[in-house]
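What follows is a set of notes on a single structure, which appears directly below.
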Amino acid sequence: MPFARFNKALALLLAAAVAVGCSPRIASSSMYPAMSWDPRSLITVDDPVIRTTLKAILSDNTDIRTDFRRVQDWEASHIVYDRNAYTHWQLPSETISKGAGDCKDYSTLLCSLWRAYGVPASDVYVAIGQSPDGILHAFLIEKYLNGKWQVIEPQIGGFITSDLFAIDTAQTYAINYLFNDREYGSNTTWIYQKIRGLSSAASPQLAQAKKPLPVVKSFSADPPTIYLGKSTTLSWVVDGAAYVGIDQGVGGVDPTGTVVVSPRDTTLYKLVASNTGGSVTENLSVRVINFNTARSSQPVLSMPQDVELPFSIGFAGWHKEGETVNNVNAGQPVSAVINLKGGSSGQCIMRIWRSIDAGHDEIVAQWGFKYDGIEGSGQISFAPSYAAGESGTQGYYADLMKDGVQVWVMPNGYPPRLTVAPKPGYGALSVGFVGWRSGVDAIYTSKKGQALATAITLSGGDSGQYTLNVRRDTQGLSDEAVQQLTFFYDGTSAVQGLIFVPLYATGESSTRGYYLDLYKDGKFIWSLSGTYPPRLIVTK
């Protein structure tokens, strides 16, 4: 990415860390409301502005990013960091209207958008933390994305992410308050146990008994198939849930209810029901027929219920960036599409296999969906890791399971199986050090307790799981990692950055300075030298 764009992003990253827009103490400023009041009203799930904004963000059906990432990226690119926004708490609609806010405003807006999307309240919270030198900062913790608690800096888009457990960040910013639209706690024991996911006594305002899991008695659409531009009514009945939500922009709902939706394409809706015992999900597919692609605009005659049309499966091709392909390079994303007609309804699983030798083929991707017995499609995306000839690879093919039985497999002729060429050579891995930064300024000496940003650039080399560490250089001791970022690198080029706060000055506890190192798949591959680029020196 252009350095100017990265420099701007890095400045935002640091602004998030030092929270210059936040008052030194939450409770000491009448302009920065004390947390003696209930902050749950700041998460405005049902605000029409939030709903309208969310639908606009998700309206581009050509966007291949996940909905979760699209919402975060939209906020990072449409809201400007305002150093003067600490004067009062903004409602999310006010932040959208102004197009500006500080860390607390970013956090409450993103939490509102994700909750309106359907993220359960138990999976996302706004956190207010305090560093050892009294700096306050607001950020999000969530576990919806991959099932583990991680820190999200709302000011930063998808090209810089934090994959840290919330408990790691809490060691830098001791969390004083944790809230969303349904829960609010300031009891330190409860907060840390909440982050760790341990069961124990909660704060008084949140004390709940352990319960059995909720039961989804029904979740249906009437009608289940509509023409483009028409609507269908989703209905559900859930027992024993403290929270019920539906994704695709529906959001939090009552345990029993209905909602009218008008999807533009065939859409899978996920209902999530949760209580103190845990959560359950139920999926529902609504099929959308486009007049422009249908054979006739005349109403479709329904068949008698006791007549079952023959079950047919057609392969719609391998697709890359909207084009039909039969060959890609290793590591390039590609999708396979099949069309289903007739037969009976059932639970389907579409799978992608790597063809090796008979009896040794392996599954590299799979996706489950519910088929209504009339007409539907299945699509699965993956990035092949091996080219033809590598590790015995002959190609890739698809098959379909229905109710646990294989009902179709791609033949070894036509339609063609996918062949994969080696990834274009990008040369050896090159790692560049962007520098230690305070705002947009490069520095080589920092003060103890001052939040800093740092980053590296990568080009060439192999794809894989990489881990970037900030380490405290100690005399005669094992250098400890004081901050860590784990990310997937595709082998082409990338920029990765993180925030950390040096808690020891040079000379304290055998500290000589701070440096970076990089690991790939658990193996050391690079370290910041002790001469140039310079390691960071920290003063008291």
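For segment 314-422, the alpha-carbon radius of gyration amounts to 1.05 times the rule-of-thumb value 2.2 N^0.38 Å expected for a compact globular protein. The modelled label-to-label distance between residue 405 and residue 366, using points 7 Å beyond Cα along the C-beta direction, is 1.8 nm. Enclosing the Cα atoms of segment 215-289 in their convex hull gives a volume equal to 67 cubic angstrom per residue.
Highest mean first, what order results for 98-106, 341-349 on Cβ atoms within 10 Å?
Values: 98-106: 23.8, 341-349: 15.7.
Order by mean packing, descending: 98-106, 341-349.
Ranking 350, 401 by Cβ neighbours within 10 Å, fewest first, what do you get? Working shown, then result.
Working: 350 22, 401 18.
If I rank by nearby Cβ atoms, fewest first, I get 401, 350.
Residues 247, 239, ranked from the fewest to the most other C-beta atoms within 10 Å, line up as 239, 247. Within segment 450-540, the proportion of C-alpha pairs whose separation exceeds 23 Å stands at 25%.
Give, as a single signed number, the net charge of other residues whose beta carbon lies under 10 Å from the beta carbon of residue 349, with Lys and Arg counted +1 and Asp and Glu -1. Present the calculation step by step, with values, prior to reporting the outcome.
Details: positive: 351, 402; negative: 399, 403.
The answer is 0.
No value in this document is a laboratory result; all are computed from the given coordinates. Here the structure is a predicted model, which means the values were calculated and not measured. No Cβ is skipped: glycine too gets one built from the backbone with ideal geometry, and neighbour counts run over all protein chains shown.
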